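Worksheet for the structure shown next.
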Amino acid sequence: MSNERKCLECGDTLRGRADQKFCGVHCRSSYNNKRLSATNNTIRRINRILRKNQLILSHLNPKGKTTVSKTELNFQGFHFGYQTHVQTTRQGRVYHFIYDQGYSLVDADKVMLVHKQE
C-alpha cells in the first residue's frame, strides 16, 4: 500500500505539507474553476436575464409609472419568470420586482410598470 499523495488536479506526486492537496497555485485554481463552473454559469445566466429584464422595464418606464402591453414586454425579450422579489399591497395587488423596477398584471394584456424609490 502506497502512502504517496497526488495532486487533485494533475496527479503529480506531492512533496511538502501533509495536508497539501495541489502541487501549485495553477493546479489549485484550475481544479476550483472546474468544480465551480457549472454553478457559476447558472448564476451568470440568471443574472443576465435579470439585468435584461431590469433594463427593459427602466427603458419602458422613464417617468416612474406607466402601463404597457404584455405583448410589448414579450417583444422586447422580457422573461416573466425571473424577478428578485415580490410585494403585495394592502389592497392585494401583487408587484413583481427586478431590483428597483416592478410590474403588476392589470389584465390579460396590460401591465403596470413602477419604479421603487428607496
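Read the figures in this text as sums done on the coordinates, not as results from a lab. None of these values were measured; they are calculated from a predicted model. Glycine also receives a Cβ, built like all others from the backbone with ideal geometry; neighbour counts cover every protein chain displayed.
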What is the pair-distance distribution P(r) of segment 5-66, computed from all Cα-Cα distances in 10 Å bins starting at 0, with each bin given as a whole percent?
-> 20, 26, 17, 15, 12, 9, 3
Peptides ranked, highest mean first, by Cβ atoms within 10 Å: ranges 25-33, 39-47, 55-63 = 55-63, 25-33, 39-47
Please give the length that would be gained between ASP109 and ARG51 if that part of the chain were fully extended, namely 0.36 nm times their separation in residues minus their C-alpha to C-alpha distance (nm, one decimal).
-> 18.6 nm
Sorted largest first, extent of segment 25-115 alpha carbons per principal axis (Å) | 55, 30, 23
Calculate how steeply helix 25-60 sits against the longest principal axis of the alpha-carbon atoms of the chain, using the helix alpha-carbon long axis, and give the answer as 0 to 90 degrees to the nearest 10.
-> 10
